[in-house]
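Remarks on the structure that follows.
The values are calculated or read from the model by the stated rules, or taken from the named source; none is laboratory data. These numbers come from a predicted model, not from an experiment. Because the Cβ atoms are built from the backbone with ideal geometry, glycine has one as well, and the counts that use them run over all protein chains shown. In case anyone asks, the SASA skips ligands and DNA or RNA and just uses the protein heavy atoms, side chains included. Shrake-Rupley method; radii C 1.70, N 1.55, O 1.52, S 1.80 Å.
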Amino acid sequence: MINKIWQYDAHTLVVSFNIAGNAASIDLSFEDGQVIGSALGRDTQLKRHLRNTLVGKARLVIDSTERHILGTWLATDTQAIVQGVTDWTSWLKNQAETAPTEYDPSLSLSPDHIGVFWWDNRSNFGDAIGPWLVERLTGSTPVNSRRVKHEGRSLMTVGSIIGHLDRDHVDIWGTGLMGPLADARLKRLASYEDVKVRAVRGHKTAYDLRRQLGWHVPDIYGDPGLLLPRFYKPRKSAPASDAVAVVPHYAHAKYFPPPQPTKTPRI
């Protein structure tokens, strides 16, 4: 299961193993009497797989690469460190072997999994909210349907991703459009016969789906992200202030003026 353990530097051990034949590792960093374990992928596909698999299960930190914090142990508790690393390597390998992924899309969803369609080209807080919420609402582990067409239905939730829809048997819940539908996307969406809209993000999305596709869209509106406060209470990292932070979509950043030190901060 574990291929090799080697020393990266004076403060880090690397535990190398494979996930579906691809090189992965758990880095053990020694800091102030503690050991921090983090999972890393060595290529783009495995990085995406880890993001999808560990969403809501491990904190993602982006420094020189993407690392998922699996746990912290006392540096003197060798037994706990070994057990933690063993459990995580086993769990990560098992997820790639028991759920449909890019590595084996032929696998079926188990009763413990639920198909959720979310955008995953790169790490993005907004897109991770969807599967995170679904897991807390259902108790089932989300499996990203975007790159695999498994049996059964998929749930599309947070994000401006209706235009990315590429299949039937999908339920849309609070999702939106990035812009008006046209050309190839409009033709593709019009070909689907089993897309059920439960709710959409806003009136403009509803208008386009009704007018251009003839889909039945109920008068139920809102981004599922509005439910976050029911499940997550953020820790305050700095004293509260009366400043307002505006976080535009990257495609809309050009419409905002450069940040000014004395004006509303822009993140």
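Side notes on the structure shown:
- Unique match (being in contact (Cβ under 8 Å) with a residue 60 or more places away in the chain, out of contact with any strand residue (DSSP E or B) (no Cβ under 7 Å at 6 or more places or on another chain) and within 17 Å of Arg51 (Cβ to Cβ)) among Gly130, Gly126: Gly126
Table: residues versus (1) in contact with a strand residue (DSSP E or B) (Cβ under 8 Å, 6 or more places away or on another chain); (2) of a type in the set (A, V, I, L, M).
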residue	(1), (2)
Ala58	yes, yes
Asp63	no, no
Glu66	yes, no
Leu74	yes, yes
Trp88	yes, no
Asp104	no, no
Ser110	no, no
Asp120	yes, no
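- Number of the exception - Ala206 against (1) out of contact with any Pro (no Cβ under 9 Å at 6 or more places or on another chain); (2) at negative phi: (1)
- Subset of the range 60-75 (residues that are closer than 12 Å to Ser38 by Cα and not in a strand (DSSP E or B)): Thr65
- The set of residues in the range 106-123 being in contact (Cβ under 8 Å) with a residue 24 or more places away in the chain and open to solvent by less than 70 Å² (accessible area, probe 1.4 Å) consists of Leu107, Ser108, Leu109, His113, Ile114, Gly115, Val116, Phe117, Trp118, Trp119, Asp120, Ser123.
Every residue, every condition in (1) surrounded by 13 or more Cβ atoms within 10 Å (Cβ to Cβ); (2) farther than 19 Å from Ala128 by Cβ; (3) of a type in the set (Phe, Trp, Tyr), yes or no:
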| position | (1), (2), (3) |
| --- | --- |
| Leu213 | yes, yes, no |
| Gly225 | yes, no, no |
| Pro234 | no, no, no |
| Ala243 | no, yes, no |
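- Check on Gly159, touching a strand residue (DSSP E or B) at 6+ places or on another chain (Cβ under 7 Å) and of a type outside the set (Val, Ile, Thr): yes
- Residue check for Thr157: at pLDDT 95 or above and within 30 Å of Ala58 (Cα to Cα): yes
- Qualifying position, being under 19 Å from Asp219 (Cα atoms) and either modelled with pLDDT under 95 or exposed (fewer than 14 other Cβ atoms within 10 Å of the Cβ) (or both), among His203, His150: His203
- Of all residues in the range 169-186, those satisfying the criterion of being over 23 Å from Ala251 (Cα atoms) and either at pLDDT below 95 or in contact with a Lys or Arg (Cβ under 6 Å, 6 or more places away or on another chain) (or both) are His169, Asp171, Trp173.
- Qualifying residue in the range 170-190 (condition: in contact (Cβ under 8 Å) with a residue 60 or more places away in the chain and exposed (fewer than 15 other Cβ atoms within 10 Å of the Cβ)): no
Here's the yes/no breakdown for (1) closer than 25 Å to Arg146 by Cα; (2) open to solvent by 60 Å² or more (accessible area, probe 1.4 Å):
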position	(1), (2)
Ala10	no, yes
Asp32	no, yes
Arg42	yes, yes
Arg51	yes, no
Gln95	yes, no
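- Within the range 53-93, restricting attention to residues that are in contact (Cβ under 8 Å) with a residue 60 or more places away in the chain and surrounded by 15 or more Cβ atoms within 10 Å (Cβ to Cβ), the residue that is farthest from the chain's Cα centre (by Cα) is Val85.
- Leu60 vs. criteria of a type in the set (A, V, I, L, M), touching a Gly at 6+ places or on another chain (Cβ under 6 Å) and within 21 Å of Asn94 (Cα to Cα): no
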